[in-house]
Structures are given as C-alpha cells and as structure tokens.
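Novice: One structure is given below, represented as structure tokens, and several questions about it will come after.
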Amino acid sequence: MAIERAKLINKIKGEVETLAGKTLTSVDEEIFKNDFLDSINVLQVIMFMETEFSISIDPFDLTLDTLGTVNRIVDYLETKLNNNNA
Amino acid sequence: MLDQLLSKHENRKLIQYRDTSMTDTEFSERVNLLTGAIPSAPERFYLIATENPIELYTILFAAWKADAKVIFPTRDHFQGKKIFPHYTHVIQYNDEKIQITENPDFTEVEAMEKIDFDTIIFSSGSTGTPKGIVHVKKHFFDNARETASAMGLSGFTGITMLKPYLMSALSHFLVHYITESFLIFSDFDHIDSLPEILEKNENCSILGSPMHILMSLAKIKPNYKPAFFFTSGDFIYKNSITSILSKFPEAVFFKVYGLAELGGRFFIQPVNSSMAPELIDGIGNCIEGMEYETREGQLYVKSDFLFQGYIRNGIFDKSIQWHATGDIVKTDHGVMVLAGRSDDEIKVGGNKVSLKHIEGKVTEIFPETGIAVVPQEHPTLGNLICLVFEGDCGIGRSELIKKLKGKLENNELPHKYYTMENFPFTQTMKIDRKEIGRLLKDLKPL
C-alpha cells in the first residue's frame, strides 16, 4: 500500500531535524549544507530510510541530487517504494 | 601458604553452595582425606569435572597438596562439547568419593613436558578458540594475598554467582580463605533466591561481573547494607557506580582490574560515596608485586605472579615478560583511566571510532541498563555502529537520538538501534558482543 507523501515528508523531516538538533525552514532546504547536517550523517539518514521503509539503497543513488533535501529524498523514496510495489 | 591454610581448624563457615556449607575444619578434613586418593605423576593431567564449587575446590586443594596437575573445566565441557583433549584423566565426585577415569581422547601438548606448571585455567571458550592459561599454584596464592592486603578487610561474607572454574571465582575463594571470610556461591539462574540469602547473611557483599552486580540490585532491599561490591573483568562505568553508591551509601565499591590470562588482579580502586567524581574513573592502585607501563597508550603489565604461557590449538606458547593487555589508558584529572581497547576500533566513513568508548558514554545516560555497542557490516556502505539495549530503553527513537547527541561526537552517533530481551554472555559473564552482532540480523531495528 502506498504511503502518503505528507507522511513520508513528516518522517524524513523528523529524522533529519532530530539528527541536526535544528528545525528546517522548508523541505527544500539543503540539509548537507550550511552546517545543518554533517556529511558524516549521510549514513544515519540512509540507515533510517533502509530500516524504516524496508528498502535497499543503491550506492550509485547516493548523491545530493537524491539526498540533498527532504523533498528530493521523498521523491527518491516514492520511486523506490513504487518500484517495490510494482 | 596452602599448608598454612589447610592447617587452620576453625569452626567458622568458609564456603557454601546451595544448601551445603563447610567450615574451615570441614574443608581441611575433606581435602586431607582426598589427597591420598589422587596419584601424582608428571604425565598425569586431571580435569576436575564439576560445577559444584565445594567439590571443585576440595578436589583442587587435594590435587595441589598431592602435587598433581589439574585442568579446570569450561562451560563447553558441561554442554557436552569436547574441545580441549589435553587431559589424561577426569576426576569427579561420586557418592562423596573421588572417581578417576581415563580420557580416551587424550592428546599431548607440544613441548609441555618442559614447563613448570600445576594448573590450567581457560579463558572464555565460547567466543572463539579456548585458550588454556598455564599457571603454578603459588602465584594464585601470592596474588590473592596481595589483593586481600589491598582491600584491607577481613571476616566478611560475600556472595558470587560466578562459576567456580573461572579465574575470578578462584581468586575470590582464595581471598576469602586468606581473610577468614565466608564465600557463598549461587547460580545466576537462581538470582531470585538472592533476597533469601541476603536475609540470612547480614552485610553480605556482592562479587562478580558488572552485569551480575547490576542485575542483583533489584533484589537487594533498600534498607539492606552490603559491606561492599567487588567487580572485575569488564568495564563498569562511573555513573553505574555512583548510582549504586547513592542507593547503598555505606558500601564500598571495589573496582578491580584483572585479566584471567594474567592469573589474577592487577589494580584495585576502592570507591566510596564521598569520593570526588573525577577520581572514580581511575584504574586504581597497582597491587604489590605487579609492575606496569604504557606504550603508545596501551597498558603493559609484568609480574612474577603471571601465567607461564598459553595452550592454544595443542601448542604451548611461553609467556613473555611484558604482557600487552590490549587496554588503552590515558591520564584524566591526574589519574590513569581506561579509554577503550586497542582492538575495538572500527573505521566508519574514514573515521576511527572506539566502540567501548561510545558504550561508556551511552552508559552515562543509561547507567542501569544493559548496553552493547557492536559493529555491523552493511553490504555496500561498510561498517555501521549499532547500539543495542537489553530490554526497553524507555524512550522513543527521536528522544534517544537527542540524548545521544548531547554526549556523543557526530562521528560516534550510532546508525542503528536495537533492543534485545536478554543479552547473551560469555562464560565469564561478560556481555558476548560477538554473539549480539551475530543475532542482529534477526532483530528489528528501532
């Protein structure tokens, strides 16, 4: 069953904000820039995505184009989840 | 010292296991009786096949008195696994009498006949290849005498849930014997009987692994006054100690550094409720007869009390003079403190992190919860840091991460969180982190 985009956004935003200890101004804010999250936190974000949504992330997908903002992470997640359900 | 102890004839309790106890006199009489039944010969090695502490120690003392060579059993032996065939005979009680049988699977250890030894004790056999640690009995007594002297106590009663074939349990027994004290053995799976035992024994001290002590706390009534706690082997963290002493402010907490392969205790740090917090982490004072130095942060020790060498995979390795402990130490507030293991570092994203160091920091947040920090290999991303709680950590994931962020550096923050109903332990009652790591695949992360 597909998860609503709003729920995905809430989950990812919540995890990212918890890891950063700060609040995002928008879901399009770059999360690995401007001292929001450190690059070392990429692994935490990926592990959260893999365990929370039971997906496996291809190392080639690990770019800021897919993980740079909450919105882009959710785009990526929707694609992965749709492919898994297909 | 063996003869000196056995010549004591006093009617005070020395040892108890379940419903059986023995006084000094009864112990000496039993040992003297058994001594004549144990033939001594250079080629004979006796495996003492019992988990009953009274049986094990009476046979041990009798064998020592007869100048016979003995090998202690391991947990694996009692689970029916034959993993160490280097004993010629099995010795055990049968209807109050000693029974000796030949070991049909005996195999020799290379170059063993050249070694001066009388006792072999094993390090943990469940986490890898069992390692037989070769000793002479005099060293056990020397170490126990100096440990007793460093503690400065006598005539006490203590309870331990350690198995009697462990180095630590033998050391406790010898210290109790030397200080005219009374040692009660119980079984960890009978921990529910602890309140009843404490009720019958005033000011009983608790001795064992950190996990034994932590799991005993809930069984001790708030108005009970244990004389002391005594733990060794694994790390116990400052917050756990201060939490225990806040509940039992009149007790002393003996934090002891010893390694089974070293044959006893090395450093003792007595902690009381009025001690300055920055001193609690100190490794303590080196007991008489021991020497130490640090090389590139690692603790090296040397002593005449040390083991003679190891038997591993049927081969004897002679002990070297300075022994690398694998423990990293540093100076903090003017005292030497443990700062992780030389072999517990993993690389995560190019950064080296010490799992023990992270575990220590997390324990400061959850001082009374079983915690293990173990590595997990991701199929494509390399090493991950996993934080595992025994039971429920009591808070949600988001709140947990917030708390951890207050203690840990960014590169120390775990990548996965798990809870496990009960931690597996090694036979020395250390948390079996290897086994936890193996079990992670069956657990659902938080």
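The values are calculated or read from the model by the stated rules, or taken from the named source; none is laboratory data. Since the model is a prediction, treat every value here as computed from it, not as a measurement. Using ideal geometry, Cβ is built from the backbone for each residue, glycine included, and neighbour counts are taken over all protein chains shown.
Novice: Kindly provide the set of residues from region B:302-332 that are among the polar types (S, T, N, Q) and exposed (fewer than 12 other Cβ atoms within 10 Å of the Cβ), ordered by number.
Specialist: The answer is B:N313, B:Q321, B:T331.
Novice: Return the only residue of A:I46, A:I57 being within 14 Å of another protein chain (Cβ to nearest Cβ) and touching a strand residue (DSSP E or B) at 6+ places or on another chain (Cβ under 9 Å).
Specialist: Only one candidate qualifies: A:I46.
Novice: Of all residues in region A:23-43, which are under 13 Å from the mean Cα position of the chain (by Cα) and either within 12 Å of another protein chain (Cβ to nearest Cβ) or buried (at least 21 other Cβ atoms within 10 Å of the Cβ) (or both)?
Specialist: Listed by number, the residues that qualify are A:I31, A:L37, A:N41, A:V42, A:L43.
For (1) of a type in the set (D, E, K, R); (2) more than 14 Å from every other protein chain (Cβ to nearest Cβ); (3) at positive phi, each residue gets a yes or a no:
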site: A:R5; (1), (2), (3): yes, yes, no
site: A:F53; (1), (2), (3): no, no, no
site: A:L62; (1), (2), (3): no, no, no
site: A:G68; (1), (2), (3): no, yes, no
site: A:N71; (1), (2), (3): no, yes, no
site: A:L81; (1), (2), (3): no, yes, no
site: A:N85; (1), (2), (3): no, yes, no
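Novice: Working carefully through the options B:I220, B:I206, find the one that is crowded, with 16+ Cβ neighbours inside 10 Å and either over 17 Å from the mean Cα position of the chain (by Cα) or at pLDDT below 90 (or both).
Specialist: Every option except B:I220 fails the conditions.
Novice: Would you mind telling me which numbered condition in (1) surrounded by fewer than 19 Cβ atoms within 10 Å (Cβ to Cβ); (2) in contact with an Asp or Glu (Cβ under 6 Å, 6 or more places away or on another chain); (3) not acidic (D, E) B:V335 fails?
Specialist: Tallying (1) surrounded by fewer than 19 Cβ atoms within 10 Å (Cβ to Cβ); (2) in contact with an Asp or Glu (Cβ under 6 Å, 6 or more places away or on another chain); (3) not acidic (D, E), B:V335 fails exactly one: (2).
Novice: Yes or no: region B:24-40 includes at least one residue that is aliphatic (A, V, I, L, M) and without any contact (Cβ under 8 Å) to a residue 60 or more places away in the chain.
Specialist: The answer is yes; a qualifying residue exists.
Novice: Restricting attention to region B:351-370, does a residue exist that is touching a Cys at 6+ places or on another chain (Cβ under 7 Å) and more than 11 Å from chain A (Cβ to nearest Cβ)?
Specialist: yes
Novice: Regarding B:K416, is this residue buried (at least 18 other Cβ atoms within 10 Å of the Cβ), among the charged types (D, E, K, R) and under 29 Å from A:S39 (Cα atoms)?
Specialist: So B:K416 passes the test.
Novice: Here's a follow-up. Within region A:54-86, how many residues are touching a helix residue (DSSP H, G or I) at 6+ places or on another chain (Cβ under 6 Å) and touching a residue at least 24 places away in the same chain (Cβ under 8 Å)?
Specialist: Total meeting the criteria: 6.
Novice: Which one is farthest from the other protein chains (Cβ to nearest Cβ), of the residues in region B:377-410 that are part of a loop (DSSP other than H, G, I, E, B) and among the hydrophobic types (A, V, I, L, M, F, W, C)?
Specialist: It comes out as B:C393.
Novice: Restricted to region B:141-169, and to residues that are over 23 Å from B:S193 (Cα atoms) and hydroxyl-bearing (S, T, Y), which residue is surrounded by the most Cβ atoms within 10 Å (Cβ to Cβ)?
Specialist: Filtering region B:141-169 for residues that are over 23 Å from B:S193 (Cα atoms) and hydroxyl-bearing (S, T, Y), the one surrounded by the most Cβ atoms within 10 Å (Cβ to Cβ) comes out as B:T147.
Novice: I'm told B:E250 meets every condition in (1) surrounded by 22 or more Cβ atoms within 10 Å (Cβ to Cβ); (2) in contact with a Lys or Arg (Cβ under 6 Å, 6 or more places away or on another chain); (3) not hydrophobic (A, V, I, L, M, F, W, C) except one. Can you identify the failing condition by its number?
Specialist: Result: B:E250 fails condition (1) only.
Novice: Additional query: Within region B:347-368, track down each residue that is surrounded by fewer than 17 Cβ atoms within 10 Å (Cβ to Cβ) and free of Cβ contacts under 8 Å to residues at least 40 places away in the same chain.
Specialist: The answer is B:K347, B:G350, B:K352.
Novice: Go through region B:233-345 and tell me which strands (runs of 3 or more DSSP E), entirely inside it, have 2 or more residues that are more than 30 Å from B:I71 (Cα to Cα), of a type outside the set (K, R) and over 20 Å from the mean Cα position of the chain (by Cα).
Specialist: Per the criteria, B:290-295, B:323-332, B:335-341.
Novice: Moving on. Given region B:150-231, what strands (runs of 3 or more DSSP E) lie entirely inside it while holding 1 or more residues that are free of Cβ contacts under 8 Å to residues at least 60 places away in the same chain and of a type in the set (G, A, S)?
Specialist: B:205-208
Novice: Can I ask one more? Take the residues of region B:411-446 that are within 14 Å of another protein chain (Cβ to nearest Cβ) and assigned to a strand (DSSP E or B): which is farthest from the chain's Cα centre (by Cα)?
Specialist: B:K416
Novice: Here's a follow-up. Filter region B:253-298 down to the residues that are touching a helix residue (DSSP H, G or I) at 6+ places or on another chain (Cβ under 7 Å) and of a type in the set (D, E), then identify the one that is surrounded by the fewest Cβ atoms within 10 Å (Cβ to Cβ).
Specialist: Taking the candidates together, the pick is B:E288.
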